[in-house]
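Participant: Pasting a structure here, questions to come.
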């Protein structure tokens, strides 16, 4: 009798174990399917921006953007959208006022006369339009450098309400290209810092070179672009509000020097998002081991170039001091494109006030030695000079 009861108990135990394993397997399958879900990939484009009104006491800035649903198989709703503009100037703005309005441009629905943004469904693979208008009034408008337009919009779908933000920096003034350039003499030859408007993702690096450098260039001249301005033009920047630091970033960031751009959870998470958590963890462990054996800097070598190139908040000029700016993408392709379209030899460089010059990419006819001799004194500056391009005229 006891043996029968024991055998029955064993069968019950086995059945319970099988059921438990089945439940766990089912939960694992649900989790796996969830991780493969497309999520919420509704994005806003940079759009096209114009200044149809450009009067001494009145500017009207108009941007036509799109909300694109890049989410596979899922519709995403947009129940709310709002915009605000921050003006950057070299003068006092106490008498300057701004009014920002948002107008929907749906192909299949009329715009309400009261300007209300009604909840709109963006279907799979489709997009809808939105117009942002910024009216600026005041007496010091010619001193305005740029407008930083911040667009906050709410998305709604299977993952619930997810707030998103979009940032566009629009230049309002442009340097006079006819003015002569100031130059400095270096061991490699003359260097000319080139003033530009405040560059943004609305700009194309090759077109910027054509606009500001070509009128002053001579045969055999060399053009260099700072790595941060190039990254900004490539939209390689993220506002910290859009970054969600994970377990790894929150803990490892404390082990970096306070001056490092990886010493904050958001800064380190930006690197994790680029190269992956496992590479960051491996670089951290490997770097610690190398440091014990007298070889510092191992983390940056193992984590890749982006680890050195990320600029955390405060790392560049306003309004980009509010953003994390990543390293540029494919700089070798950019210098080759500049050479092909302008005839100028070109380089992408990272220069600081400590006389350190790192050449990220250069056309095949350039030597790192010449570039370092010309740029060691950092002619572009690290403050608000707004001279992100340097023209080098080598000694003949």
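Participant: In region 349-363, which residues are at pLDDT 90 or above and part of a loop (DSSP other than H, G, I, E, B)?
Facilitator: 363
Participant: Against the condition crowded, with 18+ Cβ neighbours inside 10 Å and part of a loop (DSSP other than H, G, I, E, B), how does residue 328 come out, does it pass?
Facilitator: The answer is yes for residue 328.
Participant: Quick check, is residue 103 surrounded by 14 or more Cβ atoms within 10 Å (Cβ to Cβ), in a strand (DSSP E or B), touching a residue at least 24 places away in the same chain (Cβ under 8 Å) and over 20 Å from the mean Cα position of the chain (by Cα)?
Facilitator: yes
Participant: Then there's this: Give me a count of the residues in region 160-194 that are under 24 Å from the mean Cα position of the chain (by Cα) and crowded, with 19+ Cβ neighbours inside 10 Å.
Facilitator: 8
Participant: If I go through region 235-259 residue by residue, how many of them are assigned to a helix (DSSP H, G or I) and surrounded by 17 or more Cβ atoms within 10 Å (Cβ to Cβ)?
Facilitator: Pass one, region 235-259, residues assigned to a helix (DSSP H, G or I): 240-242, 247-255.
Those left that are additionally surrounded by 17 or more Cβ atoms within 10 Å (Cβ to Cβ): 240, 248-249, 252-253.
The qualifying residues number 5.
Participant: Oh, and also: Just to be sure, is residue 245 touching a residue at least 40 places away in the same chain (Cβ under 8 Å) and in contact with a helix residue (DSSP H, G or I) (Cβ under 7 Å, 6 or more places away or on another chain)? Before the answer, list the steps.
Facilitator: Details: touching a residue at least 40 places away in the same chain (Cβ under 8 Å): no; in contact with a helix residue (DSSP H, G or I) (Cβ under 7 Å, 6 or more places away or on another chain): yes.
No: the conditions fail for residue 245.
Participant: Out of the residues in region 119-133 that are over 23 Å from the mean Cα position of the chain (by Cα) and assigned to a strand (DSSP E or B), state the one that is nearest to residue 92 (Cα to Cα).
Facilitator: So in region 119-133, the residues over 23 Å from the mean Cα position of the chain (by Cα) come out as 119-126, 128, 133.
Then drop every residue that is not assigned to a strand (DSSP E or B), which leaves 120-122, 128, 133.
Working: 120: 40, 121: 43, 122: 42, 128: 38, 133: 23 Å.
Among those that are over 23 Å from the mean Cα position of the chain (by Cα) and assigned to a strand (DSSP E or B), it is 133.
Every residue, every condition in (1) assigned to a helix (DSSP H, G or I); (2) assigned by TED's automatic domain parsing to the domain that holds residue 216; (3) over 30 Å from residue 87 (Cβ atoms), yes or no:
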| residue | (1), (2), (3) |
| --- | --- |
| 301 | yes, no, yes |
| 337 | yes, yes, yes |
| 347 | no, yes, yes |
| 365 | no, yes, yes |
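Participant: Also, I was wondering about something else. Out of region 158-187, which residues are within 30 Å of residue 394 (Cα to Cα) and out of contact with any strand residue (DSSP E or B) (no Cβ under 6 Å at 6 or more places or on another chain)? Break it down into steps so the answer makes sense when it comes.
Facilitator: Step one: filter region 158-187 for residues within 30 Å of residue 394 (Cα to Cα), giving 174-187.
Answer for region 158-187, where residues must be within 30 Å of residue 394 (Cα to Cα) and out of contact with any strand residue (DSSP E or B) (no Cβ under 6 Å at 6 or more places or on another chain): 174, 175, 176, 177, 178, 179, 180, 182, 185, 186, 187.
Participant: Within region 55-82, restricting attention to residues that are free of Cβ contacts under 8 Å to residues at least 60 places away in the same chain and not in a strand (DSSP E or B), which residue is farthest from the chain's Cα centre (by Cα)?
Facilitator: 73
Participant: Suppose we keep only residues that are more than 19 Å from residue 229 (Cβ to Cβ) and modelled with pLDDT under 90 within region 377-396. Which one would you say is surrounded by the most Cβ atoms within 10 Å (Cβ to Cβ)?
Facilitator: 394
Participant: Looking only at residues that are out of contact with any strand residue (DSSP E or B) (no Cβ under 8 Å at 6 or more places or on another chain) and not in a helix (DSSP H, G or I) in region 303-322, which one is surrounded by the most Cβ atoms within 10 Å (Cβ to Cβ)?
Facilitator: If we take residues in region 303-322 being out of contact with any strand residue (DSSP E or B) (no Cβ under 8 Å at 6 or more places or on another chain) and not in a helix (DSSP H, G or I), then 317 is surrounded by the most Cβ atoms within 10 Å (Cβ to Cβ).
Participant: For residue 262, indicate whether it is within 21 Å of the chain's Cα centre (by Cα) and assigned to a loop (DSSP other than H, G, I, E, B).
Facilitator: yes
Participant: Identify, from the list 286, 226, the residue that is at pLDDT below 95 and in contact with a helix residue (DSSP H, G or I) (Cβ under 8 Å, 6 or more places away or on another chain).
Facilitator: The conditions single out 286.
Participant: So, residue 108, is that one part of a loop (DSSP other than H, G, I, E, B), exposed (fewer than 14 other Cβ atoms within 10 Å of the Cβ), free of Cβ contacts under 8 Å to residues at least 12 places away in the same chain and assigned by TED's automatic domain parsing to the domain that holds residue 56 or not?
Facilitator: Against the criterion (part of a loop (DSSP other than H, G, I, E, B), exposed (fewer than 14 other Cβ atoms within 10 Å of the Cβ), free of Cβ contacts under 8 Å to residues at least 12 places away in the same chain and assigned by TED's automatic domain parsing to the domain that holds residue 56), residue 108 qualifies.
Participant: With the structure loaded, tell me whether residue 288 is buried (at least 16 other Cβ atoms within 10 Å of the Cβ), outside the structural domain of residue 228 (by TED's automatic domain parsing) and not in a loop (DSSP other than H, G, I, E, B) or whether it fails that test.
Facilitator: The answer is no for residue 288.
The values are calculated or read from the model by the stated rules, or taken from the named source; none is laboratory data. It should be emphasised that the depicted structure is a prediction, and the values quoted were computed from it without experimental measurement. Note: ideal-geometry Cβ built from the backbone for every residue, glycine included; neighbour counts use all protein chains shown.
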